[in-house]
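Data first, discussion second: the structure below is written as structure tokens.
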Amino acid sequence: MIYQVGDKITTKKKHVCGSNTWVIIRTGADIKIKCAGCAREVMIPKYELDKKVKPET
């Protein structure tokens, strides 16, 4: 999957705050995402994020 800065993604599991929507902040080998619910920022390798993102319909 290709990610662009500013894209909104939905994960399969919810974050601790209850939201499953994230915003892409930075791309590269590691991708930085920000929770739309609580504004927590997380760095995650691209291959792990690909597994956790819900497929678009």
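All of the numbers you see were taken from the coordinates with simple rules; none came from a lab. Remember, it's a predicted structure, so these values are computed and weren't measured experimentally. Quick reminder, even Gly has a Cβ in these numbers, built from the backbone with ideal geometry, and neighbours come from all protein chains shown.
Within the stretch 45-57, which residues are touching a strand residue (DSSP E or B) at 6+ places or on another chain (Cβ under 7 Å) and either in contact (Cβ under 8 Å) with a residue 24 or more places away in the chain or surrounded by 15 or more Cβ atoms within 10 Å (Cβ to Cβ) (or both)?
Within the stretch 45-57, Lys46, Leu49, Lys52, Val53, Lys54 qualify.
Tell me which residues, restricted to the stretch 10-27, are in contact with a Lys or Arg (Cβ under 8 Å, 6 or more places away or on another chain) and either at positive phi or assigned to a strand (DSSP E or B) (or both).
Scanning the stretch 10-27 gives Thr10, Thr11, Thr21, Trp22, Val23, Ile24, Ile25, Arg26.
Scan the stretch 9-41 for residues that are of a type in the set (Lys, Arg), within 18 Å of Lys51 (Cβ to Cβ) and in contact (Cβ under 8 Å) with a residue 24 or more places away in the chain and jot them down.
Matches in the stretch 9-41: Lys12, Lys13.
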